[in-house]
Amino acid sequence: MSIVEKLGVHPPRYGPEWGSGGIFGLKYNRGVLYYTVAFEAEAHFIRDDEERVYKFDKVGSLPTSGGDTYNASEVVDEFIYFGGWVHAPAVYEGKSDGRSTIAFFNKFSHLHSYDTENDKIGLLWKESMHDKEKWVGEISNILYDPVGDRLLLSRLDGHQNLGVYSIDRDGKNFNKLSDLPSLKGTLVEEYACFDISASYLSLTSMEGFKGIQALDLTSNSWEKFEIKNYAEISKDGQGVLAPLTGTMASVYGRVFTFVRGGLVVSDIFNNEHVFIRLFDFLSGYAPQRTVALPFGGGILVAYNAYTHGILRAFTEEEKFMAERLDKIIGPSVLVYVTPPVVRIVGVFGARITSMERVGRHLILGMSTMANVGALNATPIDGGYKEVVPIHVGDILKAKEIPLEYALSGSMVLDLAFGGIPLYGYKNAKIVIRSSKKNEISVMEYNASLSLEGAEEDQYNLKEGRNEIDLSSYSGIVSFKLKNADEKARIRIVLG
């Protein structure tokens, strides 16, 4: 039986944490497909003739939970390196007054290796605060340094020990290289590039991706390329709220950082950034906890419908965020970026959490549930998680997949929204049921790598139903209401 034929569904099982994790870290190397099932803390190593499951018992005692929720994995020679975090053992504290919690005493950040030739798992490093409510920075990305033959580690999610670290491939010489929190990293020529990002721990943080910190691997010196004002680098000339870092990749000699609200293309050699608004709805709809996968010379990336949620809100801060995070405004989309074209090539459910290419198949990791708030902890992972193979040809030939976004005016206010790729769609429209007379701007642009202004049209809106035909537009379109209309109902329909 081949590896692809062994892939299937992982239903909810024991795994104390917040909501659901997913399938993370997908890597294929020398006949072995690796992935971690979170929050069940199961690392799977699948071959044609066998499958091995590791429960992270080298970190601590069973029962374990967690594993990885940022796709921290890398392949070097015969080794697969995988990191993240794990509770060992997991401590579920139960419910009180509707609140349910877990303790973090045994939460460890970790780094492992898997030797594909000898079927051997090794624990290279682990670290914990041993605190009830706080944890050290999780390992969220592993980047191989081919000059220094070492691993470079990103750490942003946590209360201390954040930044960029290095470790030898045998687990020795663990060192801090940068104090600036980083979630992701990628290589561009002789530079290891990492994001400069705000911490995820504040629910109402409007900050996010602030720029690039680049390590010259030949001199071990750092350079910074910061973003001062998003409106100045935006294709449509508008700013963006909370551009939280999602995932990152390198192509065309540039850094592509996918954030909530769009894509930032950074040219570190000329200190230039370009922001391309994509799927911006002032919600949790974002390319977070997923992968940007080099594919056919371009990049495949997911914009997910339900990345984070707050099922039961107990504070005013949580109530505010629940309004944004728990509304499902549209399905997840798989997007293929080949500048100047951005094309929708797949429409799926709640979350695409990981991706990998295996021969003629693209392997997708998926989950039906989001990560949720701190007081919504459960003793099980609440999502149905799938590992789904899709034929590569189906991705490359995909076109005109029906798609709709439905949202209220409170999800856009008077800020720019949308960023919908229309490439390949013959029929597209936006329908606005307005509560008052208003005006809407439609801005059209493409994903070229230089900062070129959008073409803009204005349409008058009457009170009641308004329909604007978008079939004459062929690039990416974003929108902006002249005056906020929180009672408005908006539908963007592609078919």
Let's test this: bin the Cα-Cα distances of the chain at 10 Å from zero up to the farthest pair and state each bin's percent.
4, 20, 31, 27, 14, 4, 0
Give me, ordered by chain and number, the residues 5 or more places off residue 470 or on other chains with an amide H under 5 Å from its own placed amide H.
428, 429, 430
Enumerate the calculated ³J(HN,Hα) couplings along the stretch 228-240 in order (Karplus 6.51 cos²θ - 1.76 cosθ + 1.60, θ = phi - 60°), each rounded to whole Hz, writing x wherever the residue is Gly or Pro.
8, 8, 5, 4, 6, 10, 8, 4, 9, x, 10, x, 9
Under 11 Å, Cβ to Cβ, from residue 139 - net charge with Lys/Arg +1 and Asp/Glu -1:
-3
Tell me, how many Å apart are the Cα centres for the stretch 23-74 and for the stretch 337-363?
22
So what's the net charge close to residue 471: Lys and Arg +1, Asp and Glu -1, counting the other residues with Cβ under 14 Å from its Cβ?
-3
Straight-line reach from residue 55: which aspartates and glutamates have Cα under 12 Å away, leaving out those fewer than 8 places along the same chain?
40, 42
From the mean inverse distance of alpha carbon pairs (Kirkwood) and the Cα radius of gyration, derive Rg over Rh for the stretch 375-495.
1.08
So which of 184/426; 385/487; 327/480; 327/437; 95/176 end up more than 30 Å apart by C-alpha?
184/426; 385/487; 95/176
Relative to the longest principal Cα axis of the chain, at what angle does helix 316-325 sit, 0 to 90 degrees, rounded to 10?
80
What residues qualify as long-range amide H neighbours of residue 141, i.e. H under 5 Å apart, gap of 5 or more or another chain, H built at 1.01 Å from N?
154
Neighbourhood net charge (10 Å Cβ-Cβ; Lys/Arg +1, Asp/Glu -1) for residue 101:
+1
If each DSSP helix of 4+ residues adds -39,500 (n - 2.57) and the sum is divided by the residues in the chain, what number results at 222 nm, nearest 500 deg cm²/dmol?
-1000 deg cm²/dmol
16 Å Cα-Cα reach of residue 228 towards lysines, excluding residues that sit fewer than 8 places from it in its own chain:
210
With a cut-off of at most 15 other beta carbons within 10 Å, and DSSP calling the residue loop, which trypsin sites (Lys or Arg not before Pro) in the stretch 406-487 qualify? Please list them.
426, 436, 437, 462, 482, 487
Can you give me the long-range amide H partners of residue 211? Hydrogens built in the peptide plane at 1.01 Å from N, cutoff under 5 Å, separation of 5 or more residues or another chain.
196, 227
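Every read-out reported here was derived from the displayed coordinates using simple, explicitly stated rules and does not represent laboratory data. Please read these numbers as outputs of a predicted model, since none were measured by experiment. Reconstructed Cβ throughout: ideal geometry from the backbone, glycine too, with neighbour counts over all protein chains shown.
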